[in-house]
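Quick notes on the structure that follows.
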Amino acid sequence: MLVLTRKLNESIKIGDDIEITVLAVGDQVKIGINAPKHIEIHRKEIFDLIQQENKQAAEGPIDFLKNFKKE
């Protein structure tokens, strides 16, 4: 893990397209993220839920496909 120290209104860059800026510091740290619209950004707990649901869907039975009729 890379650990960087930034002050209020200072930023870091990830690649050419992503910039993370410290917007507020207090009991919580508020950050702003500038990134292209095609890049998905999620809180980690939401990302983990999405991954878990995708895994469950991929492991599920495919018998439901038999219910679709080809017309």
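Miscellaneous remarks
- Close contacts from region 1-14, counting a first residue that is free of Cβ contacts under 8 Å to residues at least 40 places away in the same chain and within 16 Å of Val25 (Cβ to Cβ) and a second that is open to solvent by less than 100 Å² (accessible area, probe 1.4 Å) and of a type outside the set (A, V, I, L, M, F, W, C), with Cβ to Cβ under 7 Å and a gap of 6+ residues or different chains, come to Asn9/Thr21; Ser11/Glu19; Ser11/Thr21.
- Residue match in region 25-32 (condition: in contact with a Gly (Cβ under 6 Å, 6 or more places away or on another chain) and modelled with pLDDT of 90 or more): no
For (1) surrounded by fewer than 11 Cβ atoms within 10 Å (Cβ to Cβ); (2) part of a loop (DSSP other than H, G, I, E, B); (3) within 12 Å of the chain's Cα centre (by Cα), each residue gets a yes or a no:
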site: Leu8; (1), (2), (3): no, yes, no
site: Lys13; (1), (2), (3): yes, no, no
site: Glu19; (1), (2), (3): no, no, no
site: Lys30; (1), (2), (3): no, no, no
site: Asp48; (1), (2), (3): no, no, yes
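- Close pairs from region 19-43: first touching a residue at least 12 places away in the same chain (Cβ under 8 Å), partner surrounded by 11 or more Cβ atoms within 10 Å (Cβ to Cβ) and outside any strand (DSSP E or B), Cβ under 6 Å, at least 6 apart: Val22/Arg6; Val22/Leu8; Val22/Glu10; Val25/Leu8; Pro36/Asp17
The values are calculated or read from the model by the stated rules, or taken from the named source; none is laboratory data. None of these values were measured; they are calculated from a predicted model. Heads up, the Cβs are rebuilt from the backbone with ideal geometry, glycines too, and the neighbour counts pull from every protein chain shown. Areas reflect the complete protein model, heavy atoms only, side chains present, ligands, DNA and RNA absent. Shrake-Rupley method; radii C 1.70, N 1.55, O 1.52, S 1.80 Å.
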